[in-house]
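So the structure is just underneath, and the comments pick up after that.
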Amino acid sequence: MHKILQSILKEETIKDIAANFSRHKEFLIYGLTSSQKVATIAAAFAKNPRPTIIITGDREKISAWQDDLSALLPKTEIEELPELDLFSVNGTVGIERRARRLELLLKITSGQPLIILATATAAVKKDFSRQDFSNFQITLELGKNFSQEILIKKLVEFGYERADEIDAIGKFSVRGGIVDIFAINAPKPYRVEFYGDTVDSMREINFETLRS
């Protein structure tokens, strides 16, 4: 832990804040300057790492929070929640941003300790309820039974586009017992091979050559 945070956590007030932070209680703190806010939240997080969302007024403040928190918590994943585009000509940017939001949502719901910075505009946008988010997930495991037909059906239900080539996020293709998928929460597409109703292999695909 950073020496500054170790020193801060010796203060009784900060200890109380860190204790409330760990119990997931809603509480209000007044009278902190900008630097004190960063140090207090960083200390509480260092004491009890958990998914944490910080809402700021604008993206300029996000940049400042990112720099300050990274200095105090160098090993912590600190991400920005992107705003959804109101309009996109080809839809590419909108899909990528939505994919990024869903990736962060997955990390939050899985309890991964990270800090997410968001503007108020980004934070108020609704994605899915927790139940819907759980329903819109597919888990594939090597050697486990999972019907290829059911996988294809679910991908279509989730809004994925079936295509000859997976040249963009949100597309999938099928060739015999092979399904190529560019999942919206994955940086690279994957090739899933089936042997009957068993997942026989899963490999990343080189986006340029489309070879696994």
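What follows is calculated from the coordinates using simple rules that are stated; it is not laboratory data. Model, not experiment: these values are computed from the prediction. Neighbour counts run over all protein chains shown; Cβ positions are idealised from the backbone, glycine included.
The table for this structure:
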read-out	value
Yes/no for Ile62 being aliphatic (A, V, I, L, M) and surrounded by 15 or more Cβ atoms within 10 Å (Cβ to Cβ)	yes
Some residue of the range 137-150 being touching a Gly at 6+ places or on another chain (Cβ under 9 Å) and aliphatic (A, V, I, L, M)	no
Filter result for Gly159 (assigned to a loop (DSSP other than H, G, I, E, B) and under 26 Å from Phe45 (Cβ atoms))	no
Residue match in the range 107-123 (condition: more than 22 Å from Leu73 (Cα to Cα), outside any loop (DSSP other than H, G, I, E, B) and free of Cβ contacts under 8 Å to residues at least 12 places away in the same chain)	no
Asp200 being surrounded by fewer than 15 Cβ atoms within 10 Å (Cβ to Cβ), among the acidic types (Asp, Glu) and in a loop (DSSP other than H, G, I, E, B)	no
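Per-residue answers, yes or no, for (1) more than 29 Å from Ile53 (Cα to Cα); (2) aromatic (Phe, Trp, Tyr); (3) surrounded by 14 or more Cβ atoms within 10 Å (Cβ to Cβ):
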site: Pro113; (1), (2), (3): no, no, no
site: Leu117; (1), (2), (3): no, no, yes
site: Ser129; (1), (2), (3): no, no, no
site: Asp132; (1), (2), (3): no, no, no
site: Gln137; (1), (2), (3): no, no, no
site: Glu141; (1), (2), (3): yes, no, no
site: Gly159; (1), (2), (3): no, no, no
